[in-house]
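In what follows, a structure is listed as structure tokens, so that the remarks can point back to it.
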Amino acid sequence: MQTIIVATDFSESSEVALKYASFIAKFTRAKITLLNYYQFSIHVLNARVSPTAMSKLVKNNQEHLESYAEAASYRYEVPLNCSTLTSLSEDSLAEFAEKQNASMIIMGRKKDYSAYLSTENVSNTIIANSTIPVLIVPEGVIFSFPEKILYACDYHSIPLMKNLAGLKELATAFESELQILHICKNQVESDEEFITRTATLELLENSISTLNHTYKDIEAKSIIAGLEKGICDFKADLLVMSPHKYGFWNSLFHKSKTLEMAFKTRIPLLAIPG
């Protein structure tokens, strides 16, 4: 793992994310870059402030970020870089992640559920546009070694192998036990589904063969019920989920099962794009 990007808005939840990132970085020897999204207020935009004045606002925010990063570096005993973005489009995030040689973004999760229903939520925007894994750390999380990682996997669709790299690095660095969980709904599998599942499992096994891992199937009436049972039975320290396809990111935190799970779970959740 080369670099971890930590999204910060200087809130308590983003501080939790930074603390968790520092915890991971010390074991994986990753670098940390603090990322702050500076959004011009509606008042500034309506006032048609000059480009020079807007540049000054961005500069002032960057200076505040640098001061915050310096204090945080001392607090967590890790070196920190920092940057400000004024756009969170897919292109701008991808370009930033590539320049940083980043393999993961870490962000905090506020306790307020309603915050994640807003389409204007910054966290939603980052998740919707990120092409690298995003680790969501809930407020109040108990910091511990991720000794047990639960990967909720749809056997008919897995993420790109390159996006499993972060998961593999975490599991290797912490010598974690990995359990691949599949939630069944007690329905008959077609021949086509069987062929797809067999091929998918072969690819997955080839990718994680070096890790200490097991497979488990759970029959449940709902995805949420299956996940909660899986976490409880396995005593998982980290939950990993994968959307079926990249377009699903746009609904990841909008009236989705992943949103519901991200809010309910008391352990960090790693979302891996396909």
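Cβ-to-Cβ counts within 10 Å put CYS184, CYS232, CYS82 in ascending order as CYS232, CYS184, CYS82, the fewest first. Averaged over residues, the count of other Cβ atoms within 10 Å places the peptides 15-28, 55-68 in the sequence 15-28, 55-68, highest first.
Peptides 199-206, 7-14, ordered by how many other C-beta atoms sit within 10 Å of their residues on average, highest first, read 7-14, 199-206.
When the pairs LYS26/LYS56; LYS110/LYS148; LYS99/LYS264 are compared against a 29 Å limit on Cα-Cα distance, LYS26/LYS56; LYS99/LYS264 fall above it. Here LYS216 is the anchor, and the aspartates and glutamates within straight C-alpha reach of less than 15 Å, apart from those fewer than 8 places off in the same chain, are ASP154, GLU177, GLU205, GLU228, ASP233. Going from the fewest other Cβ atoms within 10 Å to the most, the residues VAL137, VAL6 appear in the order VAL137, VAL6. Here's how it looks for LEU238: its modeled amide H is under 5 Å from those of LYS148, LEU150, which are all 5 or more places away or on a different chain.
We did not get these values from a lab; they are worked out from the coordinates using the rules stated. Being a predicted model, the structure only gives us computed values, none of them experimental. Because the Cβ atoms are built from the backbone with ideal geometry, glycine has one as well, and the counts that use them run over all protein chains shown.
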